Amino acid sequence: MTCCPPLRSSGRRLPRRRRRRRPHSALVTRPAIEDMLGRGGETNGVWDPLNFGKDEQSLFRRRVVELKHGRIALLAVVGYLFTQFFTFPGYLSPSNGIHFSDVPNGMAAVSAVPLLGWLQIIAFAGYAETKLLQKFNGNPAGDVGGDKWQRYEEPIKSQKLLIELKNGRLAMLGMTGMLVGERLCALFTQ
């Protein structure tokens, strides 16, 4: 099937309609995104295909969540690798008689921890989320240490926050890879 040219009733040419090109949302530059720490390098500029950075408040929230998930992934990678080589002495749950050595590595550990243990973990995470890790006024995203933590001056501070952001991104990918690899090994070695 071929495409037919438009029908013309007279010898006159129909005027061509000009299509206005609308820029793709991923290519639109917005000052709030362009000024953010961590943009550029990996994505060769701004990459926002779903227009999440439409306003500064939602963009700031997403950056805080990205840093938080990166920190969780950093701890998860360290914990995953730590349990491969070391085991704590003593009891995980004295009331249930579960030793730390009884808990398997990786995803199998999820079913070995008792329900009250998971409730303690969730309660601590909720407390840390609502009370400990709130943004202090005037600080950039991720700078939640307070006065008791070491403070850096501006060129070093931005560099350290960028390092943390990139390491968090890598840890999120690394933890995903380790969990998928563990699951695939379990499926194909049965």
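The values are calculated or read from the model by the stated rules, or taken from the named source; none is laboratory data. Here the structure is a predicted model, which is why all the values come from computation and not from measurement. Cβ: placed from backbone, ideal geometry, glycine included. Neighbour counts: every protein chain shown. Heavy atoms of the whole protein, side chains included, go into the accessibility calculation; ligands, DNA and RNA do not. Shrake-Rupley method; radii C 1.70, N 1.55, O 1.52, S 1.80 Å.
Filtering the stretch 160-175 to residues that are among the charged types (D, E, K, R) and at pLDDT below 90 leaves 160, 164, 166. Is it the case, given these coordinates, that residue 157 is open to solvent by less than 60 Å² (accessible area, probe 1.4 Å) and modelled with pLDDT of 75 or more? Against the criterion (open to solvent by less than 60 Å² (accessible area, probe 1.4 Å) and modelled with pLDDT of 75 or more), residue 157 qualifies. Residue 50: of a type in the set (A, V, I, L, M, F, W, C) and surrounded by 11 or more Cβ atoms within 10 Å (Cβ to Cβ), yes or no? No: the conditions fail for residue 50. Does the stretch 128-135 contain any residue that is open to solvent by 80 Å² or more (accessible area, probe 1.4 Å), under 23 Å from the mean Cα position of the chain (by Cα) and among the hydrophobic types (A, V, I, L, M, F, W, C)? Yes, the conditions are met somewhere in the stretch 128-135.
Just so you know, in the stretch 53-69 the residues that are surrounded by fewer than 16 Cβ atoms within 10 Å (Cβ to Cβ) and among the basic types (Lys, Arg) include one that is farthest from residue 167 (Cα to Cα), and it is 54. Evaluated against (1) at pLDDT below 90; (2) surrounded by fewer than 16 Cβ atoms within 10 Å (Cβ to Cβ); (3) outside any loop (DSSP other than H, G, I, E, B), residue 75 falls short on exactly one condition, (1).
A quick yes/no check of all residues on (1) in contact (Cβ under 8 Å) with a residue 40 or more places away in the chain; (2) out of contact with any Leu (no Cβ under 8 Å at 6 or more places or on another chain):
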site	(1), (2)
161	yes, no
165	yes, no
171	yes, no
177	no, yes
182	yes, yes
187	no, yes
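Residue 178 meets all of the listed conditions (1) modelled with pLDDT of 90 or more; (2) under 30 Å from residue 94 (Cα atoms) but one, namely (2). No other residue among 123, 109 is modelled with pLDDT of 90 or more, more than 21 Å from residue 67 (Cβ to Cβ) and not charged (D, E, K, R) apart from 123.
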